[in-house]
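See structure below.
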Amino acid sequence: MHIMTQCQFNRLEAIVAEIVPNLLEAPTDEPIGLMSGRAGHALAVWYARHFNSDLVDENQFSEMLSELQGAVPYVSKDHRFSRGLPGVAWLFELLLWEQDDPYLAEFNQNVDRILLNLLQVESWQGEIELMEGLSGLAPYAARRLKQANQTAVYKEIIRHFSDLAVWIFPDQCTWPNPPNSPYNMKSQPEEPEHNLGLAHGVPAVLAALIAPTQHKDLSSVAKPLLQGGANWLAAQRQDSDELECHYGYLAGEPSHSRLGWCYGDASNALILARAGAVLNDKALIQAARTVALHAASRSPEAGLVRDGGLCHGSAGLSLIFSLLHTLLGDPELQNAAEFWLEDTIKRYENHGLNGFDAYRYEPENGKPYFVADTGFLAGYAGVALALMAATEQSPDWGDCLLLL
């Protein structure tokens, strides 16, 4: 385990200290959602309070939480994890569990009813992925499972995953994206697309199945799906010598993919390692190790890493490689975590907070540009959380990205 020096800690603290006021003072008319709105800001500020209470104005933070709670009715019909009710409810579950007062299981009972009403249909017709789909209900359901032993929401999620599973072989299954999904990469797919990214594809389904696989009342259905899906994901590895990575973006479509949380080898290695640990499957763990060690050797240029955010930037990679090291133990993975942490810090030391601006493309012409972003997934809030996690503050919030 890397031991952080006081000098390193001070550098991280200085960055967090500059980020926090930007989150507290962000315009109140910003979206409420977790991934890019006020809920994501509140998550980072909550952890900053524990990191160093002097960094947070308590009155401003209380106003932020009151604002969020008051806005919940306005997102109650938005069932997208990234922008709507499930993400905000997940945040309140985390806050309720970590507060000093006793946990209030009944606080989110109405959310349970709303999600059950959504899920209790004969067949799921929507997305399966994390940001807007079925997998995106799992972080909230996992919190309710762990904190209130509430199984009803997860039972429905698993039922739909079971119905949607396509068994390729007796020991391998997968989940195609819907034909009209905005996350399909082919304009006119001739066959169903099987997305290989944690943000929008099969790895999200597998991550969503890990928590119920460990629950006595849910494992009988969840465990075979997790085993079959993890076997399938391990079998999708491509020639890493030719394409410089083990995973492309779509099954059956070899390609050079970026390193990130959203897509690529680092996050897929973590999902395989987590599944292998839960299933006690040595072959999956070895597959994870092979993918992870190769990913750890890739440079920023080879990994197409151009910004600092959690989604596909250096801060996210630092967190993922640290989690991989915890699971697999290889020193190369800790070295990679430290490399990406230092990369993140240097972005700030060279450019200030602008070093954490998000890298994007103009939709009209594909021209790249950088833009200031205070959000959780692509901006300053997520960077602050990753930096605080590097100081051994528990990254329990990582379950909302299906990393824990």
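Enumerate the pairs (first residue in region 154-179 and in contact (Cβ under 8 Å) with a residue 40 or more places away in the chain and within 20 Å of PRO212 (Cβ to Cβ); second residue anywhere and charged (D, E, K, R) and surrounded by 23 or more Cβ atoms within 10 Å (Cβ to Cβ)) with beta-carbon separation below 8 Å, excluding pairs fewer than 6 apart on the same chain, so at least 6 apart or on different chains.
Taking only residues 6 or more apart or on different chains, the pairs are TYR154/ARG144.
In region 355-404, what residues are small (Gly, Ala, Ser), in contact (Cβ under 8 Å) with a residue 60 or more places away in the chain and either crowded, with 24+ Cβ neighbours inside 10 Å or over 22 Å from GLY84 (Cα atoms) (or both)?
Matches in region 355-404: GLY375, ALA378, GLY379, ALA381, GLY382, ALA384, ALA386, ALA389, ALA390.
Give the residues of region 128-151 that are out of contact with any helix residue (DSSP H, G or I) (no Cβ under 7 Å at 6 or more places or on another chain), open to solvent by 30 Å² or more (accessible area, probe 1.4 Å) and assigned to a loop (DSSP other than H, G, I, E, B), sorted by residue number. Quick ask: steps written out before the conclusion?
Going residue by residue through region 128-151, those that are out of contact with any helix residue (DSSP H, G or I) (no Cβ under 7 Å at 6 or more places or on another chain) are 131-133, 146, 149.
Subsequent filtering for residues that are open to solvent by 30 Å² or more (accessible area, probe 1.4 Å) retains 132, 146, 149.
Within region 128-151, GLU132, ASN149 meet the criteria.
Among the residues that make up region 47-65, is at least one of them under 21 Å from GLY398 (Cβ atoms), open to solvent by less than 20 Å² (accessible area, probe 1.4 Å), modelled with pLDDT of 95 or more and not in a loop (DSSP other than H, G, I, E, B)?
The answer is yes; a qualifying residue exists.
Restricting to region 118-127, and then to whatever is touching a residue at least 40 places away in the same chain (Cβ under 8 Å), part of a loop (DSSP other than H, G, I, E, B) and out of contact with any Phe, Trp or Tyr (no Cβ under 8 Å at 6 or more places or on another chain), can you tell me which residue is surrounded by the most Cβ atoms within 10 Å (Cβ to Cβ)?
TRP124
Could you tell me which numbered condition ASP171 fails, if it satisfies all but one of (1) buried (at least 19 other Cβ atoms within 10 Å of the Cβ); (2) touching a Gly at 6+ places or on another chain (Cβ under 9 Å); (3) more than 26 Å from GLU301 (Cα to Cα)?
Condition (1) is where ASP171 drops out.
Of the residues in region 358-402, how many are assigned to a loop (DSSP other than H, G, I, E, B) and in contact with a helix residue (DSSP H, G or I) (Cβ under 8 Å, 6 or more places away or on another chain)?
11
Output the helices (runs of 4 or more DSSP H) that fall wholly within region 219-323 and possess 3 or more residues being crowded, with 23+ Cβ neighbours inside 10 Å and within 22 Å of the chain's Cα centre (by Cα), or say none.
Hits in region 219-323: 219-235, 265-279, 282-296.
The values are calculated or read from the model by the stated rules, or taken from the named source; none is laboratory data. Since the structure is predicted, the reported quantities are computational estimates derived from the model, not experimental observations. Using ideal geometry, Cβ is built from the backbone for each residue, glycine included, and neighbour counts are taken over all protein chains shown. The accessibility values were calculated without ligands, DNA or RNA, using every heavy atom of the protein model including side chains. Shrake-Rupley method; radii C 1.70, N 1.55, O 1.52, S 1.80 Å.
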